[in-house]
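The numbers here are math on the coordinates, done by the rules we state, and not lab data. Please read these numbers as outputs of a predicted model, since none were measured by experiment. Cβ coordinates were reconstructed from backbone atoms using ideal geometry, including for glycine residues, and neighbour counts include every protein chain displayed.
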Amino acid sequence: MTLRQPDWLKKAPTGLVVNVATLGPLGQKMLAPGTWGAFAGVLYSWLLFRSGNWVETVVWTLLLSYVAVGFTGEAARRLRCEDPEEVILDEFIVIPLVFLGWRAGDSSIWPEWIVAIVGFGLFRLFDIFKPFGIVKLQRWPGGWGIVVDDVVAALFSCASLHVLAWLWTLR
């Protein structure tokens, strides 16, 4: 199986493609755009996925990740850059995966705001440093490489968040 960049956005206006991929001014005008994209993703996650229904979260995130593959890959092509830093739709879309297994109001270990801060921090660490071979995923073609490394960074962040919470209960 060969991964190819989806071509359903080839005829879309450049302004639309780039504005969706950059989340408008968040990616285009802000310093540290990936951090802002992840922060917006935390807000999006807490607004739409706080119920803790992990199946719903995974299904929606995977569907939207495919959409993100299209937009980020096409924006990268039009911006003539492999993974432009202003393209932050990938960070935004995958953040709900960081919080799989956490439900609204479940403060038996940490309050929600601590979970949000720690999850956000872990995601940024994995997204920036790309340990454990995550960096190799960026070599995938087009938007696949832009999005898949963030999906894996989010899953590593989720696992780390749960391990940290477990260790916290042992103290």
Folded to 0 to 90 degrees: helix 89-98 orientation relative to the chain principal axis, Cα: 20 degrees
Ellipticity estimate at 222 nm from DSSP helix runs (n ≥ 4, -39,500 (n - 2.57)) divided over the chain, nearest 500: -22000 deg cm²/dmol
Spin-label proximity, THR2 to segment 71-96 - amide N less than 15 Å from point 7 Å beyond Cα toward beta carbon: none
Which labelled figure in (1) -0.69, -0.79, -0.89; (2) -0.74, -0.85, -0.97; (3) -0.62, -0.73, -0.84 is log10 I(q)/I(0) by the Debye sum over Cα atoms at q = 0.14, 0.15, 0.16 Å⁻¹, once derived from the coordinates: (1)
Folded to 0 to 90 degrees: helix 33-48 orientation relative to the chain principal axis, Cα: 60 degrees
Cα-projected label distance for PHE132 with TYR66, points at 7 Å along beta-carbon direction, nm: 2.6 nm
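When Lys and Arg each count +1 and Asp and Glu each count -1, what net charge do the other residues less than 11 Å away from ARG77, Cβ to Cβ, add up to?
0
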Spatial extent of segment 99-171: Rg and Dmax, with the Cα atoms as the point set, Å: 13.9, 45
